[in-house]
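Undergrad: Structure below; questions to follow.
What follows is calculated from the coordinates using simple rules that are stated; it is not laboratory data. Please read these numbers as outputs of a predicted model, since none were measured by experiment. Glycine gets a Cβ as well: all are built from the backbone with ideal geometry, and neighbour counts include every protein chain shown.
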Amino acid sequence: MKSAILIAVIVFADSAGDVFLTKGMKQVDEITTLNPGILLTMAKRVVTNENFLCAIFFFAITFFSFLTVLSWADLSLVFPATSLVYVISTLGAKFILKETVTFQRWAGILLVCLGVALVSLP
Amino acid sequence: MKIYGVLALAIFAQATGNVCLSKGMKELSSAISIFALFFQAVASPLIWVGTALLLLFFLLFAATLSWADLSFVVPAISIEVVVNVAFADYFLNELVTSVRWIGTLLISLGVILVLRTGKQSVQSDSNGAGRR
């Protein structure tokens with residue numbers, strides 16, 4: 001039960017981190033030069049970007065929850081279970097971003113769910 | 001061809017890193033609070049090595065994504081689950097039952113189906129690279 005809760009935290013925090021990272025990186029221009037001065041200015045824009053900082057925050061939660069759950073649970077359970085992040089991002093894409101989700105993708109998340117259920121059998 | 005080598009290295013680094021983290025965390029004495037656990041973890045060399053390897057994975061993976069399309073990298077993302085479970089089985093002596101193996105393979109197949117859909121899903125699928 002304790003493992004299930006932490007895995008849920010990992011999955012949600014990871015999905016949230018991805019969303020913020022994507023938003024943040026799209027606000028920063030594409031990197032097209034190696035000029036150190038310009039690179040430095042861009043790096044500064046990245047690390048002061050609010051979305052980017054939110055992403056770092058959520059990835060930190062993901063990482064520390066992952067460490068905590070590994071202190072008692074099997075890696076061969078925890079790692080496959082974190083694939084549920086695909087299910088969450090698909091549901092997020094469908095219901096929050098209102099994207100069209102293809103049949104193939106639904107079939108994929110069904111397989112992932114089934115797989116996680118099998119992996120977590122005692 | 002180079003990209004396959006880098007992807008193989010990335011997945012190797014990730015699975016090895018996770019093995020280090022798992023071993024490192026289980027060596028800690030069962031701490032009373034999450035803060036005590038945190039301070040013990042910071043002092044563990046295995047956890048530092050594991051973290052460094054995961055960072056290496058992230059950098060290598062990000063590099064391949066900047067050379068190639070996500071769809072090109074998808075087989076690698078789906079294989080990482082299998083490699084991690086195999087490493088846990090071999091190096092951590094975890095008891096991986098045949099049911100768990102079947103589950104792992106189903107997940108792997110599912111991830112391929114989720115990620116291998118046309119252009120519009122490529123944008124929303126920035127995930128898969130970041131975690132652990």
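Undergrad: With +1 on each Lys and Arg Cβ and -1 on each Asp and Glu Cβ, and nothing else charged, work out how big the dipole of the protein assembly as shown is about its Cα centre, in Debye to the nearest 20.
TA: Details: 16 positive and 13 negative charges, 51 e Å.
Dipole size: approximately 240 debye.
Undergrad: So how far apart, in nm, are the two label points at A:Phe57 and B:Phe72 if each is 7 Å from Cα heading toward Cβ?
TA: 3.6 nm
Undergrad: How long is the gain from A:Leu91 to A:Ala107 if the chain were fully straight, where each residue apart is worth 0.36 nm and the alpha carbon distance is subtracted?
TA: Details: separation 16, 0.36 × 16 = 5.76 nm, distance 1.30 nm.
Difference between extended and current length: 4.5 nm.
Undergrad: Rounding to the nearest 20 debye, state how big the charge dipole of the range A:2-119 is about its Cα centre with +1 on each Lys and Arg Cβ and -1 on each Asp and Glu Cβ. Can you show the working numbers first?
TA: Numbers: 8 positive and 7 negative charges, 37 e Å.
The calculated dipole for the range A:2-119 is roughly 180 debye.
Undergrad: Something else: If you average the sequence gap of Cα pairs under 8 Å that are 6 or more apart and divide by the length of the range B:1-116, what percent do you get for the contact order? Working shown, then result.
TA: Working: 99 pairs, mean separation 37.9, N = 116.
It comes to 33 percent, rounded to a whole number.
Undergrad: Compute the helix-to-body angle for A:50-70: its Cα long axis versus the longest principal axis of chain A, expressed 0 to 90° and rounded to tens.
TA: So the helix axis and the longest Cα principal axis differ by about 30 degrees.
Undergrad: Report, in degrees rounded to the nearest 10, the 0 to 90 angle that the Cα long axis of helix A:36-47 makes with the longest principal axis of chain A.
TA: Between helix and principal axis, roughly 40 degrees.
Undergrad: Round to a whole angstrom and tell me the spacing of the C-alpha centers of the range B:1-46 and the range A:65-85.
TA: After rounding, the separation between the Cα centres reads 12 Å.
Undergrad: Here's something else I'd like to know. With labels modelled as points extended 7 Å from the Cα through the Cβ direction, what inter-label distance (nm, one decimal) is found for A:Thr33 paired with A:Thr100?
TA: Here the modelled spin labels are 4.1 nm apart.
Undergrad: Quick one: B:Tyr90, A:Tyr86, fewest Cβ neighbours within 10 Å first, how do they rank? Could the numbers behind the result be given before it?
TA: Details: B:Tyr90 12, A:Tyr86 27.
By the 10 Å Cβ count, ascending: B:Tyr90, A:Tyr86.
Undergrad: Neighbour counts of other C-beta atoms within 10 Å: give me A:Ser83, A:Ser15, B:Ser66 arranged from fewest to most.
TA: Values: A:Ser83 29, A:Ser15 24, B:Ser66 8.
Ordered from fewest to most neighbouring Cβ atoms within 10 Å, A:Ser83, A:Ser15, B:Ser66 come out as B:Ser66, A:Ser15, A:Ser83.
Undergrad: Using θ = phi - 60° and the Karplus form 6.51 cos²θ - 1.76 cosθ + 1.60, what ³J(HN,Hα) does each residue of the range B:53-59 get, whole Hz, x for Gly and Pro?
TA: 5, 5, 5, 4, 4, 4, 5
Undergrad: Another one. Using a simple spin-label model with points 7 Å from Cα along the Cα→Cβ vector, what separation in nm is obtained for B:Tyr90 and B:Ala36?
TA: Inter-label distance under the simple model: 3.7 nm.
Undergrad: Counting only C-alpha contacts under 8 Å and six or more residues apart, can you give the relative contact order of chain A as a whole percent?
TA: Working: 97 pairs, mean separation 40.2, N = 122.
It comes to 33 percent, rounded to a whole number.
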